[in-house]
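Here is the structure we will look at.
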Amino acid sequence: MSEPEPHGTAAPGTEVPEPWPHATGAAGTAVTEPEPHVAITPGPAATGPGPHAAARREGPTLYTGVVTAAIARLRAELVVLHHELIRWGLVVWTAGNVSARVPGEQLLVIKPSGVSYDELTPASMVVCDLAANPVEGELSPSSDTAAHAYVYRAMPQVGGVVHTHSTYASAWAARGEAIPCALTAMADEFGGEIPVGPFALIGTDAIGRAVVETLAGHRSPAVLMRNHGVFGIGGSARAAVQAAVMCEDVARTVHIARQLGDPAPLPQADVDRLYDRYQNVYGQR
């Protein structure tokens, strides 16, 4: 389980680049209608202290009213989304986490480390800069914060990141095997197979680097990290959670199909048509 691990701090390096445009998504309490996926186009990465790194040591951080309101909204939304992880059976105990990028700022909001889901409140969420330094909040941030921060630095379109140890998807990760695209639901949501990334240790940005490298060239918003679990991304935190929910659903179905024989993969042309329809036509527009 990753949450109880100590939080790794980012090594000093270059400064965090200027804020990128934020891809927003609709907030909600249930993962139902699809959210558009972000384009996987890795951008510049950076490590080292960000401009807000000293704020937690020196006292309360002063933000504009717009930023303060955005952080408050994301804190409340993350409480709801963490309960969605429980609702869909994606986590146990204190494992797993969801984060959200603060629009227009070099900041993210993330779950505190090792805190029970029943005890999560908006105030318990931790604000960090994009070098993974905590800048606001009384608790220590998730041990996966450095991984989340790297994804935000490298993928400007990403507005939310999720990590789970859901059973069936993690079983595929333990085998080090990608989930083949054998279902229309996979074509719709992932645009192909769900890829598997390399093993990386928790506590630094190594997992984030592996997530970015693995998803490059894939339409999938989810990746299976070998011997670990699922990381999902989205234009919003809600969209990232949707990716994790759907990843576990198709992992279970394809696993069951394998007990009966070899699943038949979908032709790529059909995958492309299904993906385009789901991303651009399905749902309320």
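Rule-based calculations on the coordinates, nothing more; no lab input. Nothing here was measured: the structure is a model prediction, and the numbers come from that model. With ideal geometry, Cβ positions are generated from the backbone for all residues, glycine too; neighbour counts draw on all protein chains shown.
General remarks:
- Residues Ala269 and Ser116, FRET efficiency given R0 of 41 Å [Cβ-Cβ distance, rounded to 0.05]: 0.30
- Asp262-Glu213 FRET efficiency (beta carbon distance; Förster radius 22 Å; 0.05 resolution): 0.15
- Cβ-derived FRET efficiency at R0 41 Å, Glu177 paired with Arg285, nearest 0.05: 0.70
- Sparse packing (at most 14 other Cβ atoms within 10 Å of the Cβ) combined with a DSSP loop state is found for the following chymotrypsin sites (Phe, Trp or Tyr not before Pro) in region 59-149: Trp93.
- Calculated over region 138-261: convex hull of Cα atoms, volume per residue (Å³): 98 Å³
- In Hz, Karplus ³J(HN,Hα) per residue of region 215-232 (6.51, -1.76, 1.60; θ = phi - 60°; x = Gly, Pro): 7, 4, x, 10, 8, 5, x, 9, 9, 8, 8, 3, 6, 9, x, 9, 10, x
- Database remark: amide H of Gly197 closer than 5 angstrom to the amide H of Leu224, Met225, Arg226 (H placed geometrically; neighbours at sequence offset of 5 or more, or on other chains; Pro and chain starts carry no H).
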